[in-house]
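Here is the structure we will look at, set down as structure tokens.
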Amino acid sequence: MGKYEMGRALGEGHFGKVKLARHADTGAAFAIKILDRQRILAMKIDEQIKREIATLKLLKHPNVVRLHEVSASKTKIYMVLEYVNGGELFDKIALKGKLSEKEGRKLFQQLMDAVSYCHEKGVYHRDLKPENVLVDAKGNIKVSDFGLSALPQNQRNDGLLHTTCGSPNYIAPEVLLNKGYDGSLSDIWSCGVILYVMLTGNLPFDDQNTVVLYQKGEARIPKWLSPDYTPAMSFDDENISDDNLHMTEHQDIEGNATISQINAFQLIG
Ligand code: ADP
Ligand code: MG
Ligand code: MG
């Protein structure tokens, strides 16, 4: 593609491929997201792609994937992205089973930095999950895939977002209610799910059947997780017993589903 030499595939998206590419003059590596224009039109996602590009152009943060340029041919659109060479956070967790609390804390802080930066810019990601969080060679995270993101102009007069979208295991309950939701709170919910997945290697809420999944209310907090990570840390009652801190009724996480690749969905509400 133009001044880029295309290399191996890095990932498969819903609407196209992501390939490693090298700039012919500088030798610098990039990841190019290649989208088929006909498919974009057929799937009526042209607005979504425009939004992904507009969003990425706004964002410049060490923990957010950078967009270098966009180019188009008659048949394709190419998004030239910063190449993040450590793969998806999803694979990192899957490979290790789970992350240490030390590493989880570091990555979660970076995720919070990135997400709060996006929110300051009025950008709500709406599809935060370990597949869309990439890890670089130094082990730092880069939030990516803003394909479902919303900008301030997408909010209605009530200041809320109204498009039901996301990935089933990571979606906030209020997004499913179809009454409008605060994009910053729904992103934070997804970050909480990511934190749980990083530290336990399991999904806090899971079922093959989304009807059943969406009725799940309480996550099991494993006993071995340090008290820093238990919901009870929000109580400053010193008399709470250790058992309460660890929610003994739900301490056994055996039988919980391990993480699985989940597809995003979107319903225009
Ligand atoms: P989709 O919107 O279809 O989910 P993504 O933007 O998430 O597409 O890209 C699909 C996959 O391609 C990612 O999950 C990741 O594995 C890989 N990928 C995407 N962007 C990059 C990048 N900048 N560097 C390295 N790999 C990437
Ligand atoms: Mg993705
Ligand atoms: Mg996407």
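Observations
- Estimated translational D of region 71-198 in µm²/s (Stokes, Kirkwood radius over Cα pairs; 37 °C; 0.692 mPa s): 211
- Most mobile of Val133, Val175, Val212 in a GNM of the chain (Cα contacts under 10 Å): Val212
- Using a simple spin-label model with pseudo-atoms 7 Å out from Cα toward Cβ, Gln261 and Glu218 lie 3.5 nm apart.
- Region 13-136, relative contact order in percent, only Cα pairs under 8 angstrom and at least six apart counted: 24
- Between Leu203, Gly7, Leu111, the Cα set farthest toward the positive side of the dipole of the chain (charges on each charged residue's Cβ, about the Cα centre) is that of Gly7.
- Fluctuation leader among Thr200, Thr26, Thr55 - the chain, Gaussian network, Cα springs under 10 angstrom: Thr26
- Cα gyration tensor shape of the chain, rounded if a/c is under 1.5, else prolate or oblate by comparing a/b with b/c: prolate
- Fraction of accessible area attributable to carbon and sulfur, region 109-175 (%, probe 1.4 Å): 45
- Based on every Cα atom in region 36-119, Rg and the maximum pairwise Cα distance Dmax equal 16.3, 49 Å.
- For region 8-167, the solvent-accessible area with a 1.4 angstrom probe is 49 square angstrom per residue.
- Axial C-alpha extent at least 24 Å, average Kyte-Doolittle at least -0.5 - helices from the chain (DSSP): 183-200
- Computed from backbone phi, the HN-Hα couplings of region 12-27 come to 10, x, 6, 10, x, 9, 10, 10, 6, 9, 10, 6, 4, 7, 8, x Hz, rounded to whole numbers (Karplus: 6.51 cos²θ - 1.76 cosθ + 1.60, θ = phi - 60°; Gly and Pro given as x).
- Per-bin percent of Cα-Cα distances, region 116-156 [10 Å]: 28, 49, 20, 3, 0
- Applying the criteria of a DSSP loop state and at most 14 other Cβ atoms within 10 Å to the chymotrypsin sites (Phe, Trp or Tyr not before Pro) of region 116-216 yields Tyr214.
- Hits among lysines - C-alpha to C-alpha of Lys179 under 27 Å, sequence gap 8 or more where chains match: Lys44, Lys50, Lys121, Lys129, Lys216
- Dipole in debye (nearest 20) - the chain, about Cα centre, beta carbon charges: Lys, Arg +1; Asp, Glu -1: 1700
The values are calculated or read from the model by the stated rules, or taken from the named source; none is laboratory data. Model, not experiment: these values are computed from the prediction. For neighbour counting, all protein chains shown are included, and Cβ atoms are generated from backbone atoms with ideal geometry for every residue, glycine included. These area figures cover heavy atoms from the full protein model, side chains too; ligands, DNA and RNA do not enter into them. Shrake-Rupley method; radii C 1.70, N 1.55, O 1.52, S 1.80 Å.
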